[in-house]
Structure formats: C-alpha cells, structure tokens
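Colleague: Before anything else, here's the structure in question.
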Amino acid sequence: MAPPTPSAPVGSIGVALLGLGVVGRGVFEALRDNAAIYATRSGRPIAVRGVAVHDLTRARDGVDQALLTNDPRALAVRDDIDIVVELMGGMEPAAACIEAALAAGKSVVTANKEVMAKRGPELLALAQQNGVALLYEASVGGGIPIIAPLNRDLQANEIRSLQAIINGTTNFMLTAMAQDGLSYDAALAEAQRRGYAEADPSSDVGGVDAAYKLAILASLAFHTTVHPDDVYREGITQLSARDFRFAADLGYVIRLLAVAQRDTDGALDVRVHPTLLDAHDPLARVDGVLNAVAVEGDLLGRAIFEGEGAGSRPTTSAVVADLLHLVSSGPASRGPASRGAASNHPPESPPRQPPTDPPPAQFASRGALHMRYYLRVLVRDRPGVIAEIGRAFATNNISIASLLQVEADAVAGTAELIITTHHARESDIDRFMATAGMLDAVQDVGIRIRIGSASAGSRP
Ligand code: HSE
C-alpha cells in the first residue's frame with residue numbers, strides 16, 4: 001500500500017484528481033482555498049493525494065510536484081485514494097480509469113458527458129456491485145443542478161418533456177448571428193477567439209455534445225437507457241444569417257434545442273436540432289453561453305433550470321458539490337484509505353443512483369413527428385411559380401401558414417420563398433423536400449427548420 005503523503009491529515013478523505021485542465025485546476029484550487037470550510041461542511045478534511053497530468057515536464061503553479069503522475073489508472077486504484085475525480089474528458093483513458101476505480105472500490109465523481117452517455121448504465125451498475133457511488137452532476141449543464149433534481153427532487157412526477165439548451169458554444173454563435181448579424185463563419189471565429197469553441201468545433205456545431213447530454217438527461221427523466229446513437233441529431237452548420245433575419249420578422253429566434261418526450265404510444269422522441277422558438281418562450285431568452293433545461297412534470301408543471309453551462313468555476317461548483325456529498329454521506333470507498341478514518345457522520349449507503357437495469361426504450365420514428373416547419377426555397381422568379389409550389393405542398397398534405405417572397409438575385413432572376421406551414425407530418429415534409437428539387441420552378445430546396453414544440457406521433 002502506498003503511504004499517504006506526509007501532509008495528508010489523519011482521518012482525511014484521499015482524493016485523486018485525474019486531469020488538471022481548465023476544470024481540474026478549478027477543482028484543485030477550490031479544494032485548496034476552501035479546505036477548512038469544506039471539512040466543516042462534509043465532516044472530514046479532503047486531501048488531494050495525487051494529480052494525473054499528461055505532461056510531467058510542464059510547470060504547474062501552486063501544485064506540489066510530488067503529487068503529479070502521468071499514470072491516471074495507477075493513481076485511481078491506489079490504496080490511499082478514496083474518491084477519484086475524473087476530469088480528463090474524452091472517452092479513453094477516462095472510461096478505463098473510472099472502471100478501474102469503481103472495481104477497486106473507490107467512488108468516482110466525473111464531469112465526462114461522453115463516458116456517461118455511452119457507458120453510464122454499465123458503470124453505474126459496476127458502482128452498485130462494488131458498494132460505491134458514481135456521481136456526474138457536472139456532465140450536463142456545467143454548474144446547473146439538473147442530475148440531482150432529476151434523480152431525487154422530481155421523482156414524484158411523470159416527466160412529460162425535457163426541452164434544453166445544453167451547448168453553450170452553439171448558443172453563443174446563434175445569439176451572435178441573430179443579434180449582431182454575423183455570418184456562421186464569423187460567429188464561429190468569435191466563439192473560438194473567446195475560447196468557447198475548440199479548434200475542431202465539430203462536436204459542438206454538429207450537435208454531438210448536446211446529444212451526449214440529452215442521452216444522459218433522457219435516461220434519468222424517463223427511467224430508461226438512451227444511448228447517444230438513439231438521439232436524432234442535426235447541427236447548426238446549414239443556418240445562414242438570412243434565416244435569423246427572416247425568423248425575427250416572423251417573431252421567432254433560432255435555438256439548438258434538445259428535446260425528449262414520450263409520444264401518445266409511449267415511444268420516446270429524442271432529438272437535437274435547430275428550432276424556431278416563439279420570441280416570448282423563456283428558452284428563447286437564454287442568450288450567449290448560458291444553458292437552460294425546461295422540465296415538465298405531471299405534478300410540478302414546467303420548471304426551468306438555467307445558468308452557466310460550462311467553464312471552470314461553474315463546473316467546479318458541480319464537481320465539488322458531488323465530492324462533498326460523497327464525503328458527508330459516509331465511506332466513499334471500501335479500501336484501506338477509509339478504514340479507521342474518523343467521521344462525524346454515520347456511514348450511509350451511497351447517494352441515490354438510477355436503477356442499474358432500466359427497461360429498454362422504444363423510440364419514436366422521426367417521420368411521425370407532427371410539427372410546424374419553416375422552409376426557405378430558392379425559385380426562378382417567373383409567372384406560375386407560386387402555383388407550382390402550392391401544388392407540391394397540396395400533393396404532400398402540407399398546408400401553408402405564411403409565405404413571403406424576397407428577390408434574391410434580380411440578374412439571375414431568382415427569388416427566395418420563406419414559407420411557414422401549419423402542423424404537418426415530418427414524413428410529408430421529407431417527401432416535399434425530396435420532390436421539390438425536381439420542379440422546374442425550384443432552383444434549390446434550401447433549408448427546413450422545425451418550429452416550436454412538437455407532439456411526436458400525435459394525430460394531426
Ligand atoms: N462544449 C460545451 C459547450 C461545454 O459548449 O457547452 C462542455 O460541455
């Protein structure tokens with residue numbers, strides 16, 4: 001057994017910090033700067049006994065060199081460690097370290113949405129088998145409490161729907177495109193300049209990050225297992241500055257909305273895509289990098305959790321809260337590190353976890369969606385075009401709610417039609433999109449954006 005570092009107080013909880021990036025540094029500093037307060041609140045001093053980093057040669061201000069290791073897996077299973085805090089991000093080696101720690105009887109706190117979305121059920125089962133806990137409040141919505149409320153405070157409800165803005169980078173870009181008239185490329189460049197978007201932004205702008213987070217939330221809210229591959233996903237890359245102007249004229253704002261709800265047959269409808277929201281919808285007013293999750297339950301009605309969805313300090317808030325909860329609720333590990341350690345609190349079972357073998361979900365088919373739609377279609381500006389387009393809509397059972405024609409290019413003789421529909425079947429919209437391009441009048445089928453909230457599978 002590796003001896004505790006000399007500075008570790010007797011009876012303290014031994015923590016391994018895997019990762020010292022933006023969030024890891026925030027957690028390290030919070031535990032150092034607030035050590036006395038956290039010891040009082042949790043009933044035990046918390047000692048960081050090891051920090052796993054990628055590059056041992058880099059100077060780490062304020063971090064004792066003796067704590068550093070570049071072997072996160074070995075640190076995670078060390079005898080003097082009770083709780084592993086995984087903040088490396090990405091799938092591997094993070095998942096392997098979490099698995100090894102749980103198997104070795106250590107509780108784990110993680111902010112890792114990809115691991116929890118793809119392997120959460122299996123890792124939660126492993127935690128339960130080993131009598132320890134796996135907590136992941138920071139994996140969705142940064143500092144916003146949403147996992148614990150779904151796990152505990154909303155248990156009395158049948159959740160009807162979740163609607164969420166859970167990617168700050170895209171919300172920043174969409175806000176900049178709407179409010180400052182920026183193009184997609186300019187909005188992305190600005191998000192990168194401010195450090196919101198990564199050099200490779202594909203996970204954010206493609207909706208992948210939001211799909212991971214939605215899979216985690218939907219699994220909890222609907223007591224089932226939703227894998228990210230079950231989530232229908234469209235990113236924001238096809239949106240143009242014009243769509244934001246037209247949307248505003250029609251009284252809408254565009255948000256990358258993550259939605260989970262049950263349809264009338266009990267099938268789960270889970271999707272992430274750009275959505276036109278009524279400008280008065282509370283989620284339409286969630287601007288910039290903020291996140292928000294609206295939960296509708298049969299008893300509670302609608303509640304909205306809103307705040308900072310990423311960044312060092314908000315994410316640290318959620319990680320440390322999970323850590324304090326583990327420490328105050330009893331032995332955090334089954335290993336020697338906890339044995340004989342003094343505690344002001346009686347041992348308890350690990351904090352509430354979702355059931356480890358939830359029933360599988362049936363997923364709604366996308367074609368059954370019944371929503372309103374915004375369409376932008378580039379047409380030849382000549383007599384009879386509206387009649388032709390109108391026939392194509394009628395053939396596909398789609399009723400037009402509003403239609404605006406804007407001259408696009410007088411020289412080329414093209415115009416853009418901005419059309420909103422009444423409620424229509426998504427399968428009918430798909431058929432219209434597939435066949436409209438063949439019409440002589442249509443030059444480019446353009447874009448289709450879903451409007452507002454949907455009822456999946458409900459009757460027209
Ligand atoms: N890339 C994420 C976002 C933050 O933009 O919201 C981490 O989950």
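Colleague: Starting from the amide H of V51, placed 1.01 Å from N in the peptide plane, find each other amide H under 5 Å away whose residue is 5 or more places distant or on another chain.
Modeller: The list, which skips near neighbours in sequence, is L17, L68, T69.
Colleague: A further question on this structure: Pairs of alpha-carbon atoms within less than 8 angstrom and 6+ residues apart define the contacts here; what relative contact order does the range 367-451 have, in percent?
Modeller: Details: 165 pairs, mean separation 41.2, N = 85.
Computed value for the range 367-451: 48 percent relative contact order.
Colleague: If amide H atoms are built 1.01 Å from N in the plane of the peptide, which residues on other chains or at least 5 residues away come under 5 Å of the amide H of L182?
Modeller: The answer is M177.
Colleague: Amide H neighbours of G207 under 5 Å, counting only residues 5+ apart in sequence or on other chains, H built in-plane at 1.01 Å?
Modeller: Under 5 Å from the amide H of G207: I236.
Colleague: Compute the relative contact order of the chain as a whole-number percentage, counting only Cα pairs closer than 8 Å that sit 6 or more residues apart in sequence.
Modeller: On the way: 1017 pairs, mean separation 78.8, N = 460.
Reported relative contact order: 17 percent.
Colleague: Tell me, what % of the accessible area of the range 151-308 is carbon and sulfur with a 1.4 angstrom probe? List each step's numbers first, then the result.
Modeller: Numbers: 2890 of 6280 Å².
On the range 151-308, the fraction of accessible area on carbon and sulfur atoms equals 46 percent.
Colleague: Ok, one more. Full-extension gain between F305 and H223, please, as 0.36 nm times their residue separation minus the C-alpha to C-alpha distance. The partial results should precede the final answer.
Modeller: Details: separation 82, 0.36 × 82 = 29.52 nm, distance 1.98 nm.
Going from the current span to full extension adds 27.5 nm.
Colleague: What distance in nm lies between label points placed 7 Å from Cα along the C-beta direction at N70 and A434?
Modeller: Result: 5.3 nm between the two label points.
Colleague: Nearest 0.05, what FRET efficiency do A394 and M91 give at R0 = 56 Å with Cβ-Cβ as r? Don't skip to the answer; put the middle values down first.
Modeller: Values: r = 49 Å, r/R0 = 0.87.
My answer for the efficiency is 0.70.
Colleague: Shifting gears a bit: List the residues of the range 258-277 whose backbone N lies under 19 Å from a point placed 7 Å from the Cα of H422 along the Cα-to-Cβ direction.
Modeller: Inside the label zone: nothing.
Colleague: Per residue and in cubic angstrom, what volume does the convex hull of the Cα atoms of the range 367-451 have?
Modeller: On the way: hull volume 6.4 nm³, N = 85.
For the range 367-451, the hull spanned by Cα atoms encloses 76 Å³ per residue.
Colleague: In whole Hz, with x marking every Gly and Pro, tabulate ³J(HN,Hα) for the range 437-448 from phi via Karplus 6.51 cos²θ - 1.76 cosθ + 1.60, θ = phi - 60°.
Modeller: Values, residue by residue: x, 7, 6, 4, 6, 9, 9, 8, 6, x, 9, 10 Hz.
Colleague: Among 321-330, 140-149, how do they line up from the highest to the lowest mean number of other beta-carbon atoms within 10 Å?
Modeller: On the way: 321-330: 21.0, 140-149: 23.4.
Packing proxy ranking, top to bottom: 140-149, 321-330.
Colleague: Write down the accessible area per residue of the range 367-451 in Å², having rolled a 1.4 Å probe over the full set of protein chains. Display every interim value, and only then the final one.
Modeller: Working: 3630 Å² over 85 residues.
Per-residue value: 43 Å².
Colleague: For the chain, what is the calculated [θ] at 222 nm in deg cm²/dmol (nearest 500), taking -39500 (n - 2.57) for each run of four or more DSSP H residues and dividing by its residue count? List each step's numbers first, then the result.
Modeller: Numbers: 13 runs with 140 residues, N = 460.
The helix-only estimate for the chain comes to -9000 deg cm²/dmol at 222 nm.
Colleague: Measure off 7 Å from each Cα along the Cα-to-Cβ vector at S202 and A156, then give the distance between these two points in nanometres to one decimal.
Modeller: Those two pseudo-labels are separated by 4.7 nm.
Colleague: Need the full-extension length gain, D444 to A267, defined as separation in residues times 0.36 nm minus the C-alpha distance. One decimal, nm.
Modeller: 60.3 nm
Colleague: Treat each spin label as a single point 7 Å out from the Cα along the C-beta direction, and report the D357 to A248 distance in nm.
Modeller: About 5.6 nm, to one decimal.
Colleague: If you don't mind, another one. Mind listing the phi-derived Karplus ³J(HN,Hα) values for the range 77-85, rounded to whole Hz, using 6.51, -1.76 and 1.60 with θ = phi - 60°, and x for any glycine or proline?
Modeller: Couplings: 9, 5, 4, 8, 9, 9, 10, 9, 10 Hz.
Colleague: Divide the volume of the convex hull of the Cα atoms of the range 151-308 by its number of residues and quote the answer in cubic angstrom per residue.
Modeller: Values: hull volume 18.1 nm³, N = 158.
Taking the convex hull of the Cα positions in the range 151-308, it is 114 Å³ per residue.
Colleague: If you don't mind, another one. Looking at the chain, send over the antiparallel percent of its DSSP beta bridges, to the nearest 5.
Modeller: Values: 56 of 80 bridges.
For the chain, the DSSP antiparallel bridge percentage is about 70.
Colleague: Also, I was wondering about something else. Using a Förster radius of 35 Å, what is the FRET efficiency between T40 and E190 based on their Cβ-Cβ separation? Nearest 0.05, please.
Modeller: Values: r = 43 Å, r/R0 = 1.23.
Result of the calculation: an efficiency of 0.20.
Colleague: Sequence gap at least 6, Cα distance under 8 Å: using those rules, report the relative contact order of the range 220-328 to the nearest whole percent.
Modeller: Relative contact order here is 17 percent.
Colleague: Please report the orientation-averaged projected area of the chain, defined via the convex hull of its C-alpha atoms, in nm². Intermediate results must be reported in sequence, preceding the final value.
Modeller: Values: hull surface 94.0 nm².
Seen from a random direction, the Cα hull of the chain projects 23.5 nm² on average.
The values are calculated or read from the model by the stated rules, or taken from the named source; none is laboratory data. Quick caveat: nothing in here was measured; it's all calculated off a predicted structure. Don't worry about glycine lacking a Cβ; one is built from the backbone with ideal geometry, like all the others, and counts go over all protein chains shown. With ligands, DNA and RNA removed, areas are computed over all heavy atoms of the protein, side chains included. Shrake-Rupley method; radii C 1.70, N 1.55, O 1.52, S 1.80 Å.
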